[in-house]
Amino acid sequence: MPKKMDVLAEGTGELVGWHDPDENRAWIREHKPRGLTDKRMQVREAVERFVQDGDYLAIGGFGHIRTPMALIYEIIRQRRKNLVIAGKTAVHDIDLLIGGGCVSKVEVAYAFGHELRGLSACGRRAVESGQVQVAAELSNATYQWRFLAGMMGIPFIPVRNLAGTDTFVHSSAIQVTDPYSGKPVVLIPAAYPDVTLMH
């Protein structure tokens, strides 16, 4: 039985939103209050306090459904810049953020496609012109695994798919030899968003 993981292939996508799990735990211990305090606040204050220029944002909802539009509009009003968006199901929200000049980079699983209206106008123009960079491509399942690994406090999740696809080539994943079976396995890096917006 093999005892080491040899790297077989690496995606060419940029790794965004990854932190060492132990460093992340240390940051949470130091900065996240544990008290039972009332955390409710106005949308304006939430964006002022928690969304900073250059942050990596994960946004809940799907396409046009259950997206946190009050927060999206407030981010635009406060003119946040250079945001990196986890484009798992980013459609209307990301198009408005791009149109508002807030986004510089997107990690894409499903983005830029309005189900009812075709390609999103702002997103398409911004990517074609180079105003917004596509950092990496993922599948929707890959995103779930990135978030799961982050939630579990581990650096990656091994999976048996994505290899041999163009999505893998443009991802930030790595294919290695499984040290137990000797077969190829893909390592999906954890994701640690700076801010998560939920409806």
Across all Cα atoms of segment 67-131, Rg and the largest Cα-Cα distance (Dmax), in Å, are 10.7, 29
Taking protein heavy atoms only, a 1.4 Å probe, and rounding to whole percent, the accessible area of the chain owed to carbon and sulfur comes out at 55 percent
Excluding residues fewer than 8 positions from K4 in its own chain, the lysines with Cα under 18 Å of it are K183
Length gained, A70-E128, 0.36 nm per residue minus C-alpha separation, equals 18.1 nm
Nearest 10, in degrees from 0 to 90: the angle of helix 140-152 to the longest Cα principal axis of the chain is 90 degrees
Relative to the chain, whose Cα atoms define the longest principal axis, helix 21-31 and its Cα axis are tilted in degrees, nearest 10, by 30 degrees
Largest fluctuation, T37, T165, T12 only, Gaussian network model of the chain with Cα springs under 10 angstrom, belongs to T37
With a Förster distance of 41 angstrom and the Cβ-Cβ distance between A26 and K81, calculated FRET efficiency to the nearest 0.05 equals 0.90
If the label point sits 7 Å along Cα→Cβ of L119, residues of segment 54-81 with amide N under 12 Å come out as none
The size of the Cβ-based charge dipole (Lys, Arg +1; Asp, Glu -1) of segment 1-155 about the Cα centre, to the nearest 20 debye, is 420 debye
Taking the chain and counting helices only, DSSP H stretches of n ≥ 4 at -39,500 (n - 2.57) each over all residues, the nearest-500 ellipticity at 222 nm comes to -8500 deg cm²/dmol
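The values are calculated or read from the model by the stated rules, or taken from the named source; none is laboratory data. As the structure is a computational prediction, the values presented were derived from the model and not from experiment. Ideal geometry is used to build each Cβ from the backbone, glycine not excepted, and the neighbour counts take in all protein chains shown. Side chains included, ligands, DNA and RNA excluded: accessible areas come from the protein's heavy atoms. Shrake-Rupley method; radii C 1.70, N 1.55, O 1.52, S 1.80 Å.
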